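One structure is given below, encoded as structure tokens.
Bear in mind that the values in this text are calculations on the coordinates, not laboratory data. Keep in mind that this is a model prediction, so the values were computed, not measured. Cβ sites come from the backbone with ideal geometry, for glycine too, and all protein chains shown count toward neighbours.
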Amino acid sequence: MSEKNLFSKIGYEDPIELYISKIEALLEAEYKISKRALSLLLLQEDKDMLELIQKKEKKFLGIKTIVDEAKAHYKQPLSYIISKRRQEEASSLAKRVFSYAKRPKTSFLEKISSITMNPLTGAPILLFILYYGLYKFVGSFGAGVLVNFLENKVFGDYINPFMINFVNMLVPWQILRDLFVGEYGIITLGARYAVAIILPIVATFFFAFAIIEDTGYLPRLAMLIDRLFKKIGLTGRAVIPLVLGFGCDTMATMVTRTLPTKRERIIATLLLALAIPCSAQMGVILALMEGKPLALVLWLGIIIMVFLIVGFLASKIMPGEMPTFYMEIPPLRLPQFSNIIRKTLSRLKWYFFEILPLFIFASLLIWLGQVTGAFNFLVKILEYPISWIGLPKEASVAFLFGFFRRDYGAAGLYDLKKVGLLSGNQLVVSCITLTLFLPCIAQLLMNIKERGIKMGIAMSIFILFFSFSIGFFVNIGLKFFGINL
């Protein structure tokens, strides 16, 4: 077989070939790659190439019109159609140049890889990872052992008493004392929440997530849940931003840009804002439910049910074609300790530089709200829906905190539990409602930036009423069935 015949150019479907030839005819400038290769990149909407030809080609609008026509001609993304054709050609070439004396043996790691993607065996593996990786390690060790040590010993016995005495001695005005060491002070509340409650939870979550990430498990998880996700208008590709949401929903909302269609991006953004708790919030909630397995199962079951039902309804309401999915699966490997430490430290650095100032700023806003009376006014308004879902009025402060930072609100519930203001049923209702509650300010701004102001505000209004409605029905249901947790 001649080299010329073996490595001839790949032919595509007739319509694609027609669009390639049309684009080639309009390209006038000189490029380092062939016009055919450039045309294929343009049809796949390569951003760099689109920017380049916009600068160099006088007939850019004509080229862009051809690309749009090609997109409209197919239900599936052109990048998928072109990649699929290339894979078919690669497989054909491989069959013509390779021969096997016998069937190659499947390695142990390849067998494990297949097991993780099989629904029958993959689901128990996922539950095992969630239980030991998140509930036991993050919830029990991070939110239990580490939080107790930092909050009770470090802050409770040393930092807070020292700073209260120091500020009282140094600052003669009570209003300024309250800013630093009052009930909602920068040190006694903001720094304590950020360092003593949230930091150990975030650190253990980032460590566990880095292990999962470094093994190559995430792409396999995407393949495992792809069929389920298609029922809610998404594909397995959406597992990346949704899993990142368990770290930070704001960052995950930005990552929804990687999803191929506007429909998927809107659905994923809604689900992130509604039903995906960030690592710190989830860790505190796990700590709140420590020793109450039935409460944990109820919280998790309702959140998953809301996630699936809202996603399913959104997929029916949102216009657009069913999404397609393909993903390269990297080799499964043992995690490297150096990679885990590097990723964990990098994310903790991000936490300190991005999140700690927000906690301090939130304390400042709360102090200003107290001084002006705005904070108490908002708390009074929240007391009405809080009472409707069967919670004590003190919980309204935690929910208002939750709008500044989701984990801030969860930490507020943590304080209420410590002083015995929440029964088992109230704990479940408050955790469910707060999980579904408004996205924090940072995520709200990101939603508006990514989806537009109308969509961002509409999502928030829907989430506000929806979260309290679910809390109301859960409270009624627990009373109706006589469940005492």
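Below is a table of values for the structure above.
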| read-out | value |
| --- | --- |
| Computed lengthening from Leu93 to Tyr131, 0.36 nm per intervening residue step minus Cα-Cα distance | 9.1 nm |
| Nitroxide proxy distance, nm - points 7 Å out along Cα→Cβ at Tyr384 and Asp157 | 4.7 |
| Principal-axis tilt of helix 199-215 within the chain, Cα atoms, nearest 10 degrees | 20 |
| Cut-off of 10 Å, at most 16 other beta carbons, DSSP loop: longest stretch of the chain lacking such chymotrypsin sites (Phe, Trp or Tyr not before Pro) | 327-480 |
| Rg to Rh quotient for region 3-97, alpha carbon positions, Kirkwood Rh | 1.00 |
| Helix axis angle, 279-288 relative to the chain longest principal axis, alpha carbon, degrees | 40 |
| Rounded to 10°, Cα long-axis angle of helix 453-480 versus longest principal axis of the chain | 60 |
| Calculated SAXS-style log₁₀ I(q)/I(0) at q = 0.10, 0.13, 0.22, 0.26 Å⁻¹ - region 156-242, Debye, Cα scatterers | -0.52, -0.62, -1.00, -1.13 |
| Alpha carbon Rg of region 373-441, scaled by the compact-globule rule 2.2 N^0.38 Å | 0.99 |
| Alpha carbon convex hull of region 93-227, volume per residue in cubic angstrom | 183 |
| Reach of Lys343 by Cα under 22 Å, taken over lysines that are not fewer than 8 positions away in the same chain | Lys136 |
| Where labels lie 7 Å past Cα in the beta-carbon direction, separation of Leu364 and Asn148 in nm | 3.6 |
| Ellipticity estimate at 222 nm from DSSP helix runs (n ≥ 4, -39,500 (n - 2.57)) divided over the chain, nearest 500 | -21000 deg cm²/dmol |
| At q = 0.06, 0.07 Å⁻¹, base-10 log of I(q)/I(0) for the chain (Debye sum, equal scatterers on each alpha carbon) | -0.36, -0.48 |
